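Notes to accompany the following structure.
Just so it is clear, none of the values below were taken in a lab; they were calculated from the coordinates. Predicted model, so just to flag it, every value in this text is computed and none were measured. Heads up, the Cβs are rebuilt from the backbone with ideal geometry, glycines too, and the neighbour counts pull from every protein chain shown.
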Amino acid sequence: MNYKAYIAKKLNVSVDLIETPPNPDMGDFALPCFKLAKEFRKAPPMIAQELADKLQNEGSDPLFSEVQVAGGYLNFFLDKSRVAEEVLGEVKAKGESFGTSDEGAGKKVLVEFSSPNIAKPFHIGHLVSTAVGSSIERIYKALGYDTVKINHIGDWGTQFGKLISAYKRWGKPEDIKKDPINELLKIYVKFHEEAEKDPSLEEEGREYFRLLEEGDDEITSLWQFFVQESLKEFNRMYNMLGISFDSYAGESFYTDKMPAIVKDLQDKNILEESDGAQVVRFEDENIPPCIIIKSNGTTIYATRDIAAAVYRKEHYDFHKNIYVVGTPQALHFKQVFGTLEKMGHSWASDCVHVGFGYVRFPDKSMSTRHGDVIFLEDVLNEAVAKTKDIIKDSPTCKIIDDIDEVSRKIGVGAVLFAFLKNGRERDIIFTWKDMLDFEGESGPYAQYSYARGRSILRKADASDISYENADFGLLTSKDEYALIKVINRYGDVIREAAEKYEPCVVTRYIIELAQHFNKFYNNCNIMKTEGELQKARLALVDAACSCLKTALNLIGVDVVEQM
Ligand code: ARG
């Protein structure tokens, strides 16, 4: 129920003016009349009084138990029974689609995320991009948008010529199959060491890249082998996270689309020569020129991104084209979007760079190792192992059916939750202690709250207590009402998260929901309550669990029934 909108309409004011007082003793909602003073040419308390009188004259509204004038504020107290009936009635009717909407129907939103580089380590930034991007995609989907998940794999560039040269000299297929990324990295590093001594190697590398660009059979199949083996490794990580993609069209996919882009730039007279390179210049002095063709005639990363954006518009006709890539690449995207705009593509403004900060590891055990693939899989595996240690000692351990599966969901969930807990532009401080704190603001805490709720519902079921026709109107105590109001905010939360491209809006909501749920759970002894009130409370547990489950799903975290 959108009570803010209801009140705003009744008062004939903008919905943005309606506030939620910090303290519920001051009402469920309030209209501060200060902003209206100018328009009405009256003192705020007077405006509040007049609005209150007007409402009274219109006759009583059963939604309001009290409308109070307090200084320049008009405070609204809602009828608790009615709110409980409406909100829980809606949850019951909509089930797990509660909070979702179809406002995005018919609109395509592309979310590009993860985008690791072939033959290079999947570093921590790629993991954060994976967590943030996957969540943003789920959030948009919940609003009815038609979403497409794109993994813009880094699989093209002059470095592949060098890699092929290195492979031909020192590579062994068996070793690479065993540990692709590390082996490829090893020979790539060796190439650079050797090239210092023998500069002709660089020339050889360039030649192989030229052959690759020409589509030479042997060279292309070597490159394909590298791509395949790297993807296998990346997919292990994606499987563990429960993440999939709709498209793996990486940089190489756009190679044959670049000549047309370059021609278009030339035809439109946007390219300028600069030290032998072809660049696009911007009026804004803070944006350095975007290089399109290097002085040696090859195209670069930015050129491929321009071709990719144009292709995506033609192929998908997107409503929004979102790039989840670390903040250090902010300038790159400004240049790319700026070039698209200069090309006359009005849809350049529908392209959005969603950046994120660095991850810091204060735990010594982690900072000594480097951000390679092993390391990241280690983080996930260690999170799962640590979780298993914790729950093995818990009193409920005996009843858990599959402790490995439960540990996996909690461990992986804890990592995702830690990545998505704070505003994405802020650095992420990653510590085992916070991440696995079952009582703090963590994934396990949220999952535990859910499992706790589900356990009591199972108990009720075993005692043949049915809450199917519960009377929600009985739920008017402080803790019950506070929880119901949090549940009611869920739809607004999804919308705000989408608008800001911020999964943390959902993560913070999950913490708030879990905290209110636990307060209610601890203060209202549900199994000792009797009769109709017990049934109503069970129905509230059910609603809170359903909301927790779908909210956790929006950040990619699975719930567990027992832990
Ligand atoms: N592969 C790049 C990297 O690891 C990220 C790609 C970002 N996406 C893009 N369309 N440029 O830095």
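Descriptive notes on the structure:
- Axis of helix 503-523 versus longest Cα principal axis of the chain: the two differ by about 30°, to the nearest ten degrees.
- Placed amide H near Thr147: partners under 5 Å, 5+ positions off or other chain: Val109
- The stretch between Lys257 and Asp402 holds 47.2 nm of extra length on full extension. This uses 0.36 nm per residue minus the Cα-Cα distance.
- Relative exposure of Leu483, Leu265, judged by other C-beta atoms within 10 Å (fewest first): Leu265, Leu483
- Cross-link pairs beyond the 21 Å C-alpha cut-off, checked among Lys149/Lys177; Lys4/Lys485; Lys10/Lys92; Lys388/Lys409; Lys108/Lys313: Lys149/Lys177; Lys10/Lys92
- The convex hull of the Cα atoms of the chain, projected and averaged over all directions, covers 32.5 nm².
- Here the residues Asp363, Asp558, ranked from fewest to most Cβ neighbours within 10 Å of their Cβ, fall in the order Asp363, Asp558.
- All Cα pairs of the range 408-563, percent lying beyond 19 Å: 53 percent
- Distance between the modelled labels on Glu273 and Ala105, one decimal in nanometres: 5.7 nm (7 Å Cα→Cβ projection).
- Taken about its Cα centre, the range 325-479 carries a charge dipole of about 400 debye when Lys and Arg each add +1 at the Cβ and Asp and Glu each add -1 at the Cβ.
- Rounded to the nearest Hz, the phi-derived 3J(HN,Hα) couplings of the range 423-439 under the Karplus curve 6.51 cos²θ - 1.76 cosθ + 1.60 (θ = phi - 60°) are x, 5, 6, 7, 5, 9, 9, 9, 10, 4, 4, 5, 5, 10, 7, 5, 10, where x marks glycine and proline.
- Tilt relative to the chain, helix 200-214 - C-alpha long axis, 0 to 90 degrees, to 10: 70 degrees
- Reachable lysines from Lys294, criterion Cα separation under 25 angstrom, eight or more residues apart if same chain: Lys120, Lys162, Lys257, Lys263, Lys268, Lys334, Lys342
- Chain lengthening between Ala37 and Asn182 when straightened (0.36 nm per residue, less Cα-Cα): 45.5 nm
- The simple spin-label model puts a point 7 Å past each Cα toward its Cβ; for Glu314 and Ser466 those points are separated by 6.1 nm.
- Computed from the C-beta positions of Leu331 and Ala385 and an R0 of 41 Å, the FRET efficiency is 0.55 to the nearest 0.05.
- Square roots of five times the Cα gyration tensor eigenvalues for the range 241-305, Å: 27, 15, 11
- Per-residue ³J(HN,Hα) for the range 182-194, Karplus 6.51 cos²θ - 1.76 cosθ + 1.60, θ = phi - 60°, Hz, x for Gly and Pro: 5, 5, 5, 5, 4, 6, 5, 5, 4, 4, 5, 5, 5
- Between the amide H of Ile293 and those of Gln278, distances stay under 5 Å, these residues lying 5 or more places away or on another chain, with hydrogens modeled in the peptide plane.
- Remark: spin-label model distance Ala70-Asn522 equals 2.6 nm, labels positioned 7 Å along the Cα→Cβ axis.
- Other-chain or far-sequence residues with amide H under 5 Å of Ile428's (modelled H): Tyr358, Val359, Arg360
- Looking at the range 432-535, none of the trypsin sites (Lys or Arg not before Pro) sits in a DSSP loop with at most 12 other Cβ atoms within 10 Å of its own Cβ.
- Farthest toward the positive end of the dipole of the range 470-560, out of Asn518, Val486, Tyr501, is the Cα of Asn518, where the dipole comes from beta carbon charges about the Cα centre.
- 3J(HN,Hα) along the range 274-288, derived from phi through the Karplus expression 6.51 cos²θ - 1.76 cosθ + 1.60 where θ = phi - 60°, amounts to 8, 6, x, 9, 9, 10, 10, 9, 10, 5, 5, 5, 6, 10, x Hz, with x in place of Gly and Pro.
- Rg over Rh, two decimals, the range 485-544 (C-alpha only, Kirkwood Rh): 1.12
- Calculated mean residue ellipticity, 222 nm, the chain: -17500 deg cm²/dmol, from DSSP H runs (n ≥ 4) at -39500 (n - 2.57) each, averaged per residue and rounded to 500.
- With at most 10 neighbouring Cβ atoms within 10 Å, loop GluC sites (Glu not before Pro) (DSSP) excluded, longest segment of the chain: 59-282
- Helix 124-142 and the longest principal axis of the Cα set of the chain meet at an angle near 50°.
- Sorting Asp389, Asp61 by the number of Cβ atoms found within 10 Å of their own Cβ, with the fewest placed first, yields Asp389, Asp61.
- Normalising the Debye intensity of the range 341-498 to I(0), with uniform scatterers on Cα atoms only, and taking log10 at q = 0.14 Å⁻¹ returns -0.95.
- What the Cα convex hull of the range 190-285 gives, in volume per residue, is 228 Å³.
- By the Stokes-Einstein formula, at 1.306 mPa s and 10 °C, the range 291-428 with its Kirkwood radius over alpha-carbon pairs has D equal to 85 µm²/s.
- Beta bridges by DSSP in the chain, antiparallel share as percent, to the nearest 5: 55 percent
- Under the convention that each Lys and Arg Cβ holds +1 and each Asp and Glu Cβ holds -1, the size of the dipole of the chain around its Cα centre is about 1040 debye.
- Dipole of the range 103-224, positive direction: furthest Cα of Pro173, Pro121, Ile150, with charges on the beta-carbon: Ile150
- Binning all Cα-Cα separations of the range 460-515 at 5 Å, short to long from zero, yields these whole-percent fractions: 4, 16, 19, 15, 16, 14, 10, 5, 2, 0.
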